[in-house]
Each structure stands twice: as structure tokens, then as C-alpha cells.
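So the structure is just underneath, and the comments pick up after that.
Laboratory data are not the source of any read-out in this text; all were calculated from the coordinates shown. Keep in mind that this is a model prediction, so the values were computed, not measured. Virtual Cβ from ideal backbone geometry, glycine too; neighbours counted across all protein chains shown.
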Protein chains: 2
Amino acid sequence: MKEPGLTCPVPHEPGGTVTLAHGSGGRLMHRLIRDIFLAAFPDPALREAHDGAILDPSQDRLAFTTDSFVIRPIFFPGGDIGSLAVHGTANDLAMCGAQPLYLSCGCILEEGLSLEALATVARSMAAAAAEIGLRIVTGDTKVVERGKGDGIYLNTAGVGRVIAAQPIRPDRVRPGDAVIVSGDVGAHGAAVLSVREGLKFETELKSDACHLWPQVRALLESEADVHCLRDLTRGGLATALNEIAQTAGLCVRADESSIPVRPAVAGACEMFGLDPLYMACEGRFAAFVPQHDCERALAALQDAGAAPVVIGEVLAEPRGEVRLTTRIGVERALDMLSGEQLPRIC
Amino acid sequence: MKEPGLTCPVPHEPGGTVTLAHGSGGRLMHRLIRDIFLAAFPDPALREAHDGAILDPSQDRLAFTTDSFVIRPIFFPGGDIGSLAVHGTANDLAMCGAQPLYLSCGCILEEGLSLEALATVARSMAAAAAEIGLRIVTGDTKVVERGKGDGIYLNTAGVGRVIAAQPIRPDRVRPGDAVIVSGDVGAHGAAVLSVREGLKFETELKSDACHLWPQVRALLESEADVHCLRDLTRGGLATALNEIAQTAGLCVRADESSIPVRPAVAGACEMFGLDPLYMACEGRFAAFVPQHDCERALAALQDAGAAPVVIGEVLAEPRGEVRLTTRIGVERALDMLSGEQLPRIC
């Protein structure tokens, strides 16, 4: 019996690299698209070799979002830039209360990138998309000279069908809402940091990157009145809470001791003087729900495989602020940072 | 009376540059988005500060497409990377017979890019979108270190409503179809070349970049049975004809003498030993229509401001080839190139 990985036709010569001509619109680019992208993405809409994809989602409201990915390095424990680009954009749709349906894929490749790495990334995108039946339906490839990029940058845009009966957005957050976090925070940032710095920990650090749609769907099906959802990506939990507080014009109060951080993540953060509350996650979100729906929401998330906890509540004042009760019981402002602790984390 | 340009608030400190922190998810990124992108893009969907945009195009089939733009330099005669990114993606939707409706904007910025340049690009995107009522509804910004990018790379994805009654795609091309080109070819590539090389010509070289939707709409409203449309971007007319011939499994026969090339474009090409038939256009397309609808199609395009000409026809054989009758009456194959004559033209 062959191993599954060996049954595929070899898509390209071993050891090949991306050249400028691969981004040219000529024969080499067509071959690259055929051998790497069409080989990885099976959607018939892509095979039509036309300029765009015709969607036919037999209707209702659609959500549309985009994200570029410049993470360094492109392979990290628990994923790579390809799976991340799919999870990231699909999760943004989920945060709109929308089922992710269609994805585009734009690549900016640096001359010299190994084709093997590119093929791995493309397969990883395809696998991540298949997990939730998401279709990658249109794409584009550009190549830039050596020294004008960094291996591979990806952009994904996504279209989804809005399932939520009520709008899910910051201006629906109300004083009294419970703030639920779907699981432990900071693992994505810590995992990328560990591979950048060549660190080994006793407990392995692995990115939390995953699809949030199954958890969001469960939440919506529970009929909890979800006011807002926000994934905890760049800038982590602290930044997400600040964004919501500012847009809603309300105060988010959180208890530090209730915020789950795994020991390996806490250890890595301590070693580098970083705060896990600002560390990016790629598979965690905050949900704002009225108190009376809180138990229902927690149960639904748990059934969908999350490890949700209530970390705080929404208050009317002080407007636009996040107040954190620290482990020693002191209340302080949890501000937005000027910059990111770790650049190029997604 | 103030000049319109002077009534806007100054969006940022003069002479500022992009820093890594602008791509961080923190306060500086929020300020950048507010001062540059929200200032330039007025769509209320963007102001909701949510992860994605809810579309409500009250239905039918939708088209979805994406394109990344890495053109060098980012400013060129007749446009810049911003207008190009809007025209390019909107034109891909038009080529699907779809009215461009919604656009996403993903930026990958290099540390050190001037904020003035970025603001100019953003305004240019807004102006190009407004021309045809296209809404930029969602976006994302990343920053990479100096030497890991080249000023600015853009990705736009677009969603449009399909207006065409019949599908418009390569497999509907038939032997006997007339091949119409919507105007003179190669000006975009020649204009970019001229600024790269610091050339001055007696007649100014200017990119042909523009929206094709008004011309396509006129064509569809003429009720000509349009079989296929293809814009003549990377790789130019020759590559577009090859793509159609190969996908349709038919032969495209073209007359070199009927293909319009402006003297300045021909001159620039001659100086650099380049073939105008492979030079990128960003505001030209080829239309494949049955002979009996050809006059109707030409009239509609002319009324919409194009300068259409019939440059050839579709034959059954030799399959997958483009045959060119040269100016001296010799027939030869017009192949696809391995690479691009001019890299980073879009």
C-alpha cells in the first residue's frame, strides 16, 4: 500500500525555485498555476480559467472580508502561512455571524522561493478550506525580485452567507453583557516566537490556529442573542477588548485571574518580557452576550469543543476603556499598545 | 473659495513614514486606518469597524475575483498602483459580464513608505471606485520590514452582480466568432517602461488604464450574444488570445495590420526590442461574438467611447493555436511567451 502522500503526481521538478517569469502571465506562470494551485485546489470554478468566479449561494445577506498574511517564518508549530490565511479569513466571516463559503487566494512570491515550499502551502490551504467545506474559487499570482518580498505573502478574501438572525457587531454590545473568551489565549504568538528564537520548552508550544465557524454556528444555533464576536488576532485579547469598548462607547471590565493562559505560553512570555494578553491568537474569540443567555452560550461552545470562560462584563462607564482587575486585586487600565509586541505574527 | 483639495483635514504629519508599528494592530495602525483609509473611503460598511462587510445585493448570481498589484514604479503616467488595483479587479468582474459592486483592499506596506504616497494611493483608489459606483467595503493592512517589500503592494478582491443573460466564458467561443479588440494596444506597458527608463517621447505615453464596465454594459445592452470577454493585461493581446484558444480548444486567427498600436507605443517598443502584441493594457479587452452580431457589438462599443476593431476570427483548427497574418502577408504562430517582457507591470 502506498502512503497517501506518494500517490499524487510530482507537481514540479525537485529543488526548483520561483523565478520572475513565474509571475509573468506567460507559459511558466500557467504551468505554475496548473501544477501547484490547480493541483491543490479542486474547485471546478477555478478550472474554468476565467477572470473571476460566479457565485450562486441562492441568497440572503452575504459577508465579504479580506486579510493579507506576512507571517515570519511561514512554517510554525501548528500550521503555516497557507492554513493561517484560510483560518484567518474564514474566522473573520464567522465573526460576522456568517458561514464561510468562498475564498480567493492572491500570492506575492519572492524570486527564489522553493516550489516545494509553495506546494506545501497550497496543499495546506486546500486542507484547511476542505475542513469546513469552504471553496477557494479564484486566485492570482505575482512574483517580485529577490529582496523585494520574503518568500511568500498571501491575501485571502472571503464571502459567506450571514446565518445570524440579529446583526452581530460592536454597536449591539450593551452594559451588563457577559464577556466570554472561547479558550486559553496567546498560544499562536508564543508558538511563532518560539520558532523564531529557536526555543525548546518542556511542554510544546503550538499555535491555536483553527476554524472558529463550528463554534460560532453552535453558538448561533443555541439561540443565545449574540451581540458581538471578535477574534483575538493581532494585538491579542487586550486589543480586541479595546476595539469593542471604543466602537461601542462602553467599558469592558475583565478579571485577569479568570483569563486562561497555558503555562508554556505564560513561561515564554515571561522569558521575553511580553504580556500574554497582547499575544495574538488565531483560533480564539470573545463573545458578548446578555447575562440571561450566558449559560446557554457557554454550554453550546463547550459542546462544540471550545473551553469557554467568562472573563468579565460590560459597564456603561468609563466609556471606551478596558479596566482590568489584576491578580492582586488592583484595578488598572488595560490600554491598546502603540505597536505590536511581535511584528509579522500573521 | 477654497480649492477642493484644501478643504480636507490634513490626514497626518508631513514627511512621515510608515513604521512597523503601523501594521501592528495597535494604536498607530488604528490611526493609520482612520487618517488614511477611512479618510479616503467613505463607505459606511467600512466605518462599522467590524471584521467584514455585509453585502446585500438583493441577489442573482454574483461574480468574485481577486488580483494583487506589485507594479514598479507605483506612480506612472495615467495612474498609480491604487487606481490600477481598482480598475484591474473591476475589469475582471466586467469580463465575467458582471457589474462591479464591492471591493476589498489589502495593503502590504514596506517600512519607510511615505504616508503622503500612501494617502495619494488611497485617494486614487477612492476616486477610481467612485467612477462606477463601486464600494470599497473591507480592508486590511500589513507592514513588513525595510527590504522585505517595495513601497506598497495591493490586493483587491471584488464582488459583482452578473448581468449577462448567457454565460461569458472561453468554452462558449465558437468557430466563426469575430474577434473584436476594444482599442489600441500596449499603451500601459509602454507608459510604465517610459517612466522606468526615464524616457521622453514627442507624443506623451500614457497608460490606457480605465474601467471597462461601461463598455461591457453597453455591449450587453446591445443584446449581441457575447461568447467571451478577456482583458489584455499581463502578457498583452497575444497572451489573452492564446489563453482563449487553449481553453476553448479552437484556433484564433488575427491580422497584424488590423491591430491598432499608437505610434508612440510602437516607437517605444522598437527602441527596446519589445513586441507591442505582448505589452500589457489595463483598459482594453477582446470580445468574441458571432459574426451576425458583430456590427451591433461594434456600434455599442463605439457609443460607449471605445475604438473597437475586428482583428480576426475563430477557426476550428489548428486547435489551441493563435495564427497571425503578418504585415507582409506571411502566416505564423503567435505563441505565448515563457516569461513576461516587462516584469511587475501590474
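What average count of beta carbons from other chains do you get within 10 Å of the Cβ of residues in B:102-114? Before the final figure, lay out the partial values.
On the way: counts 3, 3, 11, 4, 10, 2, 9, 2, 2, 1, 0, 0, 0.
For this peptide, the per-residue mean of nearby foreign Cβ atoms is 4.
Using only Cα atoms, locate the centre of segment A:129-174 and the centre of segment B:64-122, then give the distance between them in Å, rounded to an integer.
Taking the Cα centre of each part, segment A:129-174 and segment B:64-122 sit 17 Å apart.
B:E145 versus A:D303, label points 7 Å from Cα toward the beta carbon: distance in nm?
4.8 nm
Which entries in A:K142/A:K206; A:K148/B:K206; A:K206/B:K148 show an alpha-carbon gap greater than 28 Å? Mind dumping the intermediate values first?
Numbers: A:K142/A:K206 31 Å; A:K148/B:K206 26 Å; A:K206/B:K148 26 Å.
Distance filter (> 28 Å) returns A:K142/A:K206.
If you take every residue apart from B:A128 with its C-beta less than 13 Å away from the C-beta of B:A128, what net charge results, scoring Lys and Arg +1 and Asp and Glu -1?
On the way: positive: B:R123, B:R135; negative: B:D80, B:E131, B:E282.
Net charge in that neighbourhood comes out at -1.
Can you tally the net charge around A:V252? Count Lys and Arg as +1, Asp and Glu as -1, for every other residue whose Cβ sits under 14 Å from the Cβ of A:V252. All intermediate terms of the calculation are to be shown ahead of the outcome.
Numbers: positive: A:R174, A:R230, A:R253, A:R319, A:R323, A:R332; negative: A:D177, A:E243, A:D255, A:E256, A:E313, A:E317, A:E321, A:E331, A:D335.
Computed value for this residue: -3.
Would you mind ranking B:K200, B:K206 by Cβ crowding within 10 Å, fewest neighbours first?
Details: B:K200 7, B:K206 17.
Listing B:K200, B:K206 from fewest to most nearby Cβ atoms yields B:K200, B:K206.
Give me the Å³ per residue figure for the convex hull around the C-alpha atoms of segment A:147-228. Kindly include the intermediate steps, with their values, before the conclusion.
On the way: hull volume 14.9 nm³, N = 82.
Roughly 182 Å³ of hull volume per residue.
For the pair B:R327/A:F75, report the inter-label distance in nm, with labels modelled 7 Å from Cα in the Cβ direction.
5.3 nm
Taking the highest mean first, how do the peptides B:288-297, A:83-92, A:243-252, A:99-108 order by number of other beta carbon atoms within 10 angstrom per residue?
Details: B:288-297: 18.4, A:83-92: 29.5, A:243-252: 21.7, A:99-108: 27.1.
Packing order, densest peptide first, comes out as A:83-92, A:99-108, A:243-252, B:288-297.
In units of 2.2 N^0.38 Å, what is the alpha-carbon radius of gyration of segment B:93-158?
Details: Rg = 13.4 Å, N = 66, 2.2 N^0.38 = 10.8 Å.
So the Cα radius of gyration is 1.24 times the expected 2.2 N^0.38 Å.
From the phi angles alone, apply the Karplus equation (6.51, -1.76, 1.60; θ = phi - 60°) to segment A:136-141 and give each ³J(HN,Hα) in whole Hz, x where the residue is Gly or Pro.
8, 10, 7, x, 7, 10
What does the charge count around B:P276 come to, taking other residues whose C-beta lies under 11 Å from its C-beta (Lys +1, Arg +1, Asp -1, Glu -1)? Don't skip to the end; give the middle numbers.
Numbers: positive: B:R262; negative: B:D184, B:E256, B:E270, B:D275.
With Lys, Arg at +1 and Asp, Glu at -1, the net is -3.
Between A:D335 and A:R296, 0.36 nm times their residue separation minus their Cα-Cα distance comes to what? Display every interim value, and only then the final one.
Numbers: separation 39, 0.36 × 39 = 14.04 nm, distance 3.07 nm.
Length difference between fully extended and current span is 11.0 nm.
Ratio to report: Rg/Rh of segment B:255-327, with Cα atoms as the point set and Rh obtained by the Kirkwood method; give two decimals. Don't skip to the answer; put the middle values down first.
On the way: Rg = 14.2 Å, Rh = 14.3 Å.
Radius of gyration relative to Kirkwood radius: 0.99.
Considering the Cα trace of segment A:166-301, what is its radius of gyration and what is Dmax, both in angstroms?
Using the Cα atoms of segment A:166-301, the pair Rg, Dmax is 15.4, 47 Å.
Quick one: putting +1 on the C-beta of Lys and Arg, -1 on the C-beta of Asp and Glu, what dipole do you get for segment B:150-219 around its Cα centre, in Debye to the nearest 20? Don't skip to the answer; put the middle values down first.
Working: 8 positive and 8 negative charges, 83 e Å.
Here the size comes out at about 400 debye.
Full-extension gain between B:D275 and B:E317, please, as 0.36 nm times their residue separation minus the C-alpha to C-alpha distance. Walk me through the numbers before you get to the answer.
Numbers: separation 42, 0.36 × 42 = 15.12 nm, distance 2.52 nm.
Net length gain for the segment: 12.6 nm.
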